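Chemist: Shown below is the structure under consideration.
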Amino acid sequence: MSSLDTIRESWATRAGFILAAVGSAVGLGNIWRFPFQVGQEGGSAFLLMYLFFILLIGLPAMLVEFTVGRRTNRNAVGALRKIGGRAWQYVGGLFILIGFIILSYYSVIGGWVLRYFGGSFTGGYTADSEAYFFEIATGFDALLFHAIFMALTVGIVALGIKQGIELAVKLMVPSVIVIMVGLAIYAVTLPGGTEGYTYYLSPDFDVLASEWRSIVPAAAGQAFFTLSLGMGVMITYASYLSKDRNLAEDSGVIIGFDTGIAILTGLIVFPLLFAAGIGAADPGPGAIFVALAGAFAEIQYGLVLGVLFFGMFAVAALSSAISLLEVVVSYAVDEYGMNRPVATGIIGGGIFLLGVPVALISDGGNPIVIDLYDILAAEILLVIGGILVMVLVAWFNADLARDELSKGIGRLGALGSLWIWLVRVPVIAVLLISLGLAFLGYYEFLSDEFIPFVSG
Ligand code: TRP
């Protein structure tokens with residue numbers, strides 16, 4: 001009880017909140033997951049569907065999480081309990097589970113980034129970029145760097161995150177943009193990259209028509225993942241807001257940054273992959289690493305660029321990992337009165353263990369457990385989390401949500417109702433369809449790939 005009576009912290013500045021939310025959103029989802037999904041799901045067809053989902057679902061869903069957080073000023077579990085009653089705390093419990101699963105493989109990939117960052121200093125990664133990736137993706141090294149990444153995340157969250165996050169993103173956002181724009185310009189100059197642009201940018205409706213069953217859930221999952229929606233991150237961050245912010249405007253800025261960086265990543269990766277003769281046909285989780293390490297090996301000052309790029313990439317991954325861990329830690333601290341550093345250490349240790357199979361098990365070099373965790377979390381669990389929160393808000397607490405959104409904006413008029421009705425019917429319907437398709441796809445993955453692999 002007492003924790004509710006004490007004055008709760010809030011963001012110092014408008015920039016603090018926006019930067020923290022951007023820091024959470026921009027991460028491996030943009031630079032690692034996005035190009036790999038594009039490659040797996042038919043290139044431009046996926047891009048189109050993804051952009052559609054960002055606008056149709058991402059924006060309204062972010063507003064839903066923001067209003068819940070600012071209204072309640074609670075951690076994600078407490079916030080749902082306050083709005084929906086006791087039963088809804090189990091949805092909060094689902095958020096905690098999702099946090100465990102996502103961070104466990106996120107940290108393994110973050111470990112690859114650290115490894116490539118180190119490799120940039122020595123040039124070790126450059127000889128044969130595809131072979132190098134398979135060498136480090138699983139095995140002892142992967143485990144070691146997973147441990148290092150997790151230790152860094154735990155270290156920052158244990159110290160309390162305000163300064164950590166704010167500082168990290170102030171460095172990160174400008175350097176991401178400068179480095180990415182530079183690389184995209186470099187990519188334009190490459191001979192042989194043209195096909196990459198065609199693949200990425202010219203909408204192919206035939207592919208969309210024939211592959212929509214896997215493109216729809218993949219694009220919806222990516223929209224949730226990249227915007228950090230569906231597990232209470234944005235509820236938690238908005239719970240530190242004062243009342244006078246224009247949440248719609250802030251969402252626009254956050255989504256604009258996140259989407260811009262993802263699109264830019266594609267403009268780098270696909271020309272590079274095609275120029276290197278690798279192509280984009282299912283490049284898998286190694287796409288970004290293979291494409292860039294190959295390029296950095298060849299161009300002038302490539303290793304310096306490598307240091308900058310992978311350094312920036314590591315910061316972006318860490319500022320997202322922090323938000324994943326913070327949802328779980330703030331719950332343990334708020335609801336069980338645990339000591340923050342102790343809670344962070346224990347939870348971080350548990351997440352590390354869950355990531356061990358990801359780092360160690362390989363299917364001929366391919367880190368197959370990533371798919372097992374990633375499809376489950378992004379396409380299924382985040383979507384379930386998102387749907388449940390939207391039902392709670394749009395169907396059972398619409399007046400409260402409209403009232404909360406109007407603070408800092410003024411009269412919403414018809415737009416407020418449009419938002420609620422958009423969420424109530426089309427958004428939830430599309431997500432339910434997507435969820436059904438995701439279950440089918442996951443079943444297929446399990447029966448065609450994972451189970452045969454496990455049973456040898
Ligand atoms: N959005 C981050 C990225 O793109 C990852 C992330 C952070 C996340 N917090 C999340 C994903 C919460 C889903 C839910 O890398």
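Taken together, the values in this text are just the output of simple stated rules run on the coordinates, not laboratory data. Please read all numbers here as calculations on a predicted model, not as lab measurements. A quick note on method: Cβ atoms are made from the backbone with ideal geometry, for glycine too, and the neighbour counts reach across all protein chains shown.
Chemist: Positive end of the dipole of region 37-94, charges at C-beta (+1 Lys, Arg; -1 Asp, Glu), about the Cα centre: which of 88, 42, 62 has its Cα farthest in that direction?
Modeler: Of the candidates, 88 comes out farthest on the positive side.
Chemist: Let me ask you something else. Toward the positive end of the charge dipole of the chain, about the Cα centre and with charges on Cβ (Lys, Arg +1; Asp, Glu -1), which of 12, 285, 257 goes farthest?
Modeler: The residue sitting most towards the positive pole is 12.
Chemist: Using amide H atoms built in the peptide plane, which far-off residues or other-chain residues are under 5 Å from residue 338 H to H?
Modeler: Those lying under 5 Å, H to H, from residue 338 are 333.
Chemist: By how many nm would the segment from residue 253 to residue 395 grow when fully extended, if each residue of separation counts as 0.36 nm and the alpha-carbon distance is taken off?
Modeler: Result: 48.4 nm gained on full extension.
Chemist: Here is a further query. Residue 300 versus residue 210, label points 7 Å from Cα toward the beta carbon: distance in nm?
Modeler: That separation, rounded to one decimal, is 4.5 nm.
Chemist: Does region 9-60 classify as rounded, prolate or oblate by the C-alpha gyration tensor (a ≥ b ≥ c root eigenvalues; a/c under 1.5 gives rounded; else a/b over b/c gives prolate, otherwise oblate)?
Modeler: In terms of gyration-tensor shape, oblate.
Chemist: Just give me a number: lysine pairs in the chain, eight or more positions apart or cross-chain, with C-alpha atoms less than 23 Å apart.
Modeler: 5
Chemist: Just to confirm the number: angle between the C-alpha axis of helix 162-188 and the first principal axis of the chain, 0 to 90 degrees, nearest 10?
Modeler: Once rounded, one gets 40 degrees.
Chemist: Could you size up the charge dipole of region 133-237 around its Cα centre, putting +1 on the beta carbon of Lys and Arg and -1 on that of Asp and Glu, and report it in debye to the nearest 20?
Modeler: Around 480 debye, computed over region 133-237.
Chemist: Which value in nm describes the separation of the simple spin-label points at residue 198 and residue 140, placed 7 Å from the Cα toward the beta carbon?
Modeler: My value for the distance between the label points is 4.7 nm.
Chemist: Sticking with this one: Taking H as built 1.01 Å from N, whose amide H comes closer than 5 Å to the amide H of residue 363, not counting residues under 5 places away?
Modeler: Amide H neighbours of residue 363: 368.
Chemist: Using the Cα centre of the chain as the reference point, and only Cβ charges (+1 on K/R, -1 on D/E), how large is the resulting charge dipole? Debye, rounded to the nearest 20.
Modeler: 1800 debye
Chemist: Give me the extension gain from residue 128 to residue 14: residue separation times 0.36 nm, minus the current Cα-Cα distance, reported in nm with one decimal.
Modeler: 36.5 nm
Chemist: Looking at 176, 236, 119, which one has the Cα that reaches farthest to the positive end of the dipole of the chain (charges on Cβ: Lys, Arg +1; Asp, Glu -1)?
Modeler: Going by the Cα projections, it comes out as 236.
Chemist: Related question: Using the C-alpha atoms of region 349-431, what convex hull volume per residue, in cubic angstrom, is computed?
Modeler: Enclosed volume per residue, from the Cα hull, is 143 Å³.
Chemist: Quote the convex hull volume per residue of region 17-454, based on C-alpha atoms, as a whole number of Å³.
Modeler: 131 Å³
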